[in-house]
Amino acid sequence: MSDFKVLQRENGGVSVLELKGYLDAHTAPKLEDAIQGLIAAQRYSIVVNCKDLSYISSAGLGVFMAFIEDVRNHQGDIKLSNMTPKVYNVFDLLGFPLLYDITKDERDAVKKFVEKKK
Amino acid sequence: MRIRRILTLTGAMILMVIVVALDLVRSSVDFQLSGLIVARDLMVIGSFSLLYFFLELSDPSKTENVVRRMGLILIAGVVVTLMMSAVSLLGDQGSFEAKEGKLLPLGFKAVFLASFVTFGFALLCILLFRFLRDLVLYKRRRGTRRNLIIQMVLMAATGVSTIGLDPLDTSVLTSVLFGLTCAMIVVNAFRLSWIVYLSKRGKIFTLVYGFFLFSVLTVLNALSHSGLVNQLLLYYSHPVRELVGLTLLFGNVYYGMAFVSTLFHLPTADAFERKATEITSLHDLGKLITRVFDFHELIDTVTAMTLQVCEARECWLEIVHRQRDLTKGTADANLHASFTEGYWIQVMGMKNIGADEIEQLFPFGRQTIRDLLIQERKALVVDDVATDRRIRVSQENRTRTGSMVVVPLISHTELIGILYATKETEYGFFKDDVEMISAFADHATMAIENSRLIDKSLERERLVKEMSLAQEMQKRLLPQRLPQLPGIQIDATSTPAFEVGGDYYDVVHLKGNELGIVVGDVSGKGMSAAFYMSEVKGIFQSLSRIYSSPREFLLNANEVLSGSIDRRSFISLIYAVIHLQTGRLIISRAGHCPMLLVRENEIGYIRPSGMGLGLSEGSTFAGAIEEFSLQLDPGDVCVFYTDGLTEARNGNDEFGYERLVECLSGMRNKDTVVIKNSILESVRSFTSGQPLHDDLTLVVLKWCGPGG
């Protein structure tokens, strides 16, 4: 139940966080630490790849909400990608697509960052 | 018991009277009947035996108050000595005529005197022997009792061996037995274990009493062997005379040994007494811990005991708090930050020293022996305060001299306190003192732990009560009764995952014959979610009466909530208004689960676009909220719920939206209460009775038609 991992890598100058497993109140601190680390390193272009994310609770959603303002204030963003239909539904019910860029694939999200720079 | 005493005493007295009478007769008439003589001797022995038993029954042996009993025996001895001296000096030396080994009394006076003297000696010897027996048997070892019994048997045998003998005769047997008895007396005279346990005062008294008893018994012994007294005793009873002699000898030897032994014990008497006090104190402290719950009282007792037992000049205890444990903040005036970071000190239980003095001696802001102890965590002994480098003697403290001990209180590898004790003299604390103080410190540690655990337990009890109260109160925030109105059937349930939860539902009868239904879910669970839930109720109860349009309501609710909700939290809400007469349903969804609509020919979800409350404000939010309008047919059922239902788990599987649809198939014509229970039953069986991991809410509404 509390199997959760965050893998970090780079893709075209953008930081990508790969979420694997179950994101709830118990495991949310791991994601928090990861994003906090990126902010501390002044890496404000963040894509969260949810390909292997099996579940997200309101606590997980709250993590994004906690940092988005700060990231956007530094001309950055947190974009989400590769969601399974079930997970996308959770975001969609709450209206997240109107607040965040949620793309089908990571490459689309990265492209958006590149395009913005231009 | 009383009867036995009366019998023995009267028996003794009767026999004595008979003997005296016989003697009186014998003095005038010359009797040669040896049988009668033997009988007389036996009666004498009998009478004194009965007297012994009488005293045994009246005054059972007590091992307490040895010193006092010694004093009493001494007094008795002195009295008897004086009496016998008087008899010896003043009595008529020619009271008896020695003839052929026999003693013939000349006159009644001699007979009476013989009885009197023998009685006096015998009584003293009985009392003396009983006391000696108690002393010998005190803290006995294997064989002690046996040795004493052997001595008693030998004494009796010596006495018995003279039965039938003429007063002035002796026999070899008697001498041999006498010798053997003396040997046993010496053996038993080594049983002096009662001396060690006396207090120092007791030992000094024993020394004095022992000396005088030795002297008195020597005099008595000499008296009993000389002149008139000897004759009086022999005349009255040879056996008794032997026993008297042996008992006096026993007393002599024993008290002589006791005197010498006590003399050798005196140098260690002080230390022994201190040790005994230390052990008693530890006992008392141990008992106190289980009885006293007042923390301050306990600490006070610990320092008081340390002061007393170690004969310290000053004593105090410092409680150590770690930074992380200070939930109440450091505003407490008694709390000082120590030089070592992260440690806070609370001074308590001060004896003979004040807080100011302590602060002067070991300032909290500077590095002192306190910090050394925090680091080393073992007892520190300062033999000379004035010269020890660990104690920086400031200007004010230059007059301070002596020694001190600083001992840590450690519980489960954590330092929770420090115990200090000082003495006036240098080198005042030795290894056993430090061990003693450490033992006290250990007790104090247990007491402190106990007290803290009790506090925690009481606090937890209080919190449990508070939670229970919160649960009660929250239940009341949900509708106590659902409105019974013509045209609708409605049933609902809500179960929090913990004691309190973040789910909310409400039903209001609005003006214009409309019914408003709201179901909401605060992100998260527990206490914080419950707080938001009650805020939502307030907002709903007031705004729903103002804004009958669901969308308008949500827009205004979002504005209110955005002010107080924190960044990470949000609230999902669904609000539907039904006109009871027309069946028109208007619905808006703020990020909540879609409503399930059960029509005659289809079951499906109504999902207007929406966004959770608290996620954004202004135009973004307004643009996200859609308002749906639809017309219900009579008998249509609307199901509202929270994600606690659809996300109910069985292993990795969720109940889901499809299963909910399945639940409703064929159920449209049932009563709402039946539908509700059937859904709940499905969920329960799906989760196989596992507890819910999220709050679950379910509202089932059926529109029965106009005037239905």
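The values are calculated or read from the model by the stated rules, or taken from the named source; none is laboratory data. Computed from a predicted structure; not experimentally measured. For neighbour counting, all protein chains shown are included, and Cβ atoms are generated from backbone atoms with ideal geometry for every residue, glycine included.
Given the condition away from chain B (no Cβ under 14 Å) and within 11 Å of the chain's Cα centre (by Cα), answer yes or no: does some residue in the stretch A:83-100 qualify? Within the stretch A:83-100, one or more residues are away from chain B (no Cβ under 14 Å) and within 11 Å of the chain's Cα centre (by Cα).
The set of residues in the stretch B:653-708 being within 24 Å of B:SER523 (Cα to Cα), modelled with pLDDT of 90 or more and of a type in the set (A, V, I, L, M) consists of B:LEU660, B:ILE679, B:LEU680, B:VAL683, B:LEU696, B:LEU698, B:VAL699, B:VAL700. Flag: B:ARG568 matches the condition of being assigned by TED's automatic domain parsing to the domain that holds B:LEU645, in contact with a helix residue (DSSP H, G or I) (Cβ under 7 Å, 6 or more places away or on another chain) and either of a type in the set (A, V, I, L, M, F, W, C) or at pLDDT below 95 (or both). Take B:GLU466 and decide whether it is loosely packed, with under 15 Cβ neighbours inside 10 Å, closer than 30 Å to B:TYR532 by Cα, not polar (S, T, N, Q) and not assigned by TED's automatic domain parsing to the domain that holds B:LEU585. Yes; evaluated as a whole, the condition is true for this residue.
If the requirement is being modelled with pLDDT of 90 or more and more than 30 Å from B:THR277 (Cα to Cα), which of these qualifies: B:VAL172, B:VAL208, B:VAL186, B:VAL160?
Sole residue among the options that is modelled with pLDDT of 90 or more and more than 30 Å from B:THR277 (Cα to Cα): B:VAL186.
How many of the residues making up the stretch B:591-602 are assigned to a loop (DSSP other than H, G, I, E, B) and within 14 Å of chain A (Cβ to nearest Cβ)? Give the derivation first.
Our first condition is that a residue be assigned to a loop (DSSP other than H, G, I, E, B); within the stretch B:591-602, this holds for B:592-594, B:599-602.
Remaining after also requiring within 14 Å of chain A (Cβ to nearest Cβ): B:592-594.
Of the residues in that region, 3 qualify.
Give the residues of the stretch B:354-387 that are under 25 Å from B:ASP432 (Cα atoms), surrounded by 13 or more Cβ atoms within 10 Å (Cβ to Cβ) and touching a Ser or Thr at 6+ places or on another chain (Cβ under 8 Å), sorted by residue number. Answer for the stretch B:354-387, where residues must be under 25 Å from B:ASP432 (Cα atoms), surrounded by 13 or more Cβ atoms within 10 Å (Cβ to Cβ) and touching a Ser or Thr at 6+ places or on another chain (Cβ under 8 Å): B:ARG370, B:ASP371, B:ILE374, B:ALA379, B:VAL381, B:VAL382, B:ASP383, B:ASP384, B:VAL385, B:ALA386.
Once the stretch B:528-559 is narrowed to residues that are surrounded by fewer than 21 Cβ atoms within 10 Å (Cβ to Cβ) and among the basic types (Lys, Arg), the residue that is nearest to the other protein chains (Cβ to nearest Cβ) is B:LYS537.
I'd like to know if the stretch A:61-73 contains one or more residues that are under 22 Å from B:GLY656 (Cβ atoms) and within 14 Å of another protein chain (Cβ to nearest Cβ). Yes, some residue in the stretch A:61-73 is under 22 Å from B:GLY656 (Cβ atoms) and within 14 Å of another protein chain (Cβ to nearest Cβ).
The residues listed here are B:SER562, B:SER572, B:SER588; of these, the one that is within 14 Å of another protein chain (Cβ to nearest Cβ), under 60 Å from the mean Cα position of the chain (by Cα) and part of a strand (DSSP E or B) is B:SER572. Filtering B:ASP671, B:ASP694 for residues that are crowded, with 18+ Cβ neighbours inside 10 Å and in contact (Cβ under 8 Å) with a residue 40 or more places away in the chain leaves a single hit, B:ASP694.
The residue pairs whose first member lies in the stretch B:612-632 and is within 11 Å of chain A (Cβ to nearest Cβ), whose second member is among the β-branched types (Val, Ile, Thr), and whose beta carbons are closer than 7 Å, counting only pairs six or more residues apart or on different chains, are B:GLY612/B:ILE571; B:LEU613/B:ILE571; B:GLY614/B:ILE565; B:GLY614/B:ILE571.
Return a yes/no flag: does the stretch B:518-527 have any residue that is out of contact with any helix residue (DSSP H, G or I) (no Cβ under 9 Å at 6 or more places or on another chain), on the phi < 0 side of the Ramachandran plot, away from chain A (no Cβ under 14 Å) and of a type outside the set (D, E, K, R). No, because not a single residue in the stretch B:518-527 is out of contact with any helix residue (DSSP H, G or I) (no Cβ under 9 Å at 6 or more places or on another chain), on the phi < 0 side of the Ramachandran plot, away from chain A (no Cβ under 14 Å) and of a type outside the set (D, E, K, R).
So that you can scan it fast, the table gives a plain yes or no per residue for (1) outside any helix (DSSP H, G or I); (2) in the same structural domain as B:VAL136 (by TED's automatic domain parsing); (3) basic (Lys, Arg):
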position	(1), (2), (3)
B:VAL176	no, yes, no
B:ALA183	no, yes, no
B:PHE190	yes, yes, no
B:LYS203	no, yes, yes
B:TYR235	no, yes, no
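The criterion of being closer than 30 Å to B:ASP166 by Cβ and not small (Gly, Ala, Ser) does not hold for B:GLU297.
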